[in-house]
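The values are calculated or read from the model by the stated rules, or taken from the named source; none is laboratory data. Bear in mind the structure is a predicted one, so any value in this text is a computation, not a measurement. What goes into the accessible areas is simple: the full protein's heavy atoms, side chains included, and nothing from ligands, DNA or RNA. Shrake-Rupley method; radii C 1.70, N 1.55, O 1.52, S 1.80 Å.
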Amino acid sequence: MTDLALYVGSARAARTGHEVTPVVGYGAIETLEGAPFDGVLIHRLPSVADARAWYESPACQTALPHRQAGADYRVFIVGASQDAR
């Protein structure tokens, strides 16, 4: 089994106990500026603190080495502005 396949299974399991709502998952991408990339996942969580708690959870951290070995990812947390709510 590849590292990326191990990551996918581990990442899904890491959602347990967290309010993670997938919003975008590997749809068609049209890069208008910057370097092109292969895929995008966007998840919604109730708050930045919840997102950090999920990312730092033991289950998510167990999945992390498989993601890092399987592909080049950028991971970040973005807080919603008041205007976007």
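Rounded to the nearest percent, how much of the accessible area of the chain (1.4 Å probe, protein heavy atoms only) is carbon and sulfur? Spell out each step's value before the answer.
Numbers: 3540 of 6580 Å².
Carbon-and-sulfur percentage of accessible area, whole number: 54.
Over the chain, calculate the relative contact order: mean separation of alpha carbon pairs under 8 Å at least 6 apart, over the residue count, as a percent. Don't skip to the answer; put the middle values down first.
On the way: 75 pairs, mean separation 34.2, N = 85.
Answer for the chain is 40 percent.
Averaged per residue, what accessible area in Å² does the range 31-81 show with a 1.4 Å probe, protein chains only? Walk me through the intermediate numbers first.
Details: 3810 Å² over 51 residues.
I get 75 Å² per residue for this part.
Run the numbers on the range 17-61 and let me know its relative contact order in percent, using alpha-carbon pairs under 8 Å that are six or more apart. Could the numbers behind the result be given before it?
Numbers: 37 pairs, mean separation 17.9, N = 45.
Relative contact order here is 40 percent.
Name the residues whose placed amide hydrogens come within less than 5 Å of the amide hydrogen of residue 44, ignoring near sequence neighbours (fewer than 5 apart) on the same chain.
21, 23
Which whole-Hz ³J(HN,Hα) couplings does the range 23-36 yield from phi under the Karplus relation 6.51 cos²θ - 1.76 cosθ + 1.60, θ = phi - 60°, glycine and proline marked x?
Each residue's phi maps through the Karplus curve to give 10, 9, x, 6, x, 5, 10, 10, 6, 9, 8, x, 5, x Hz.
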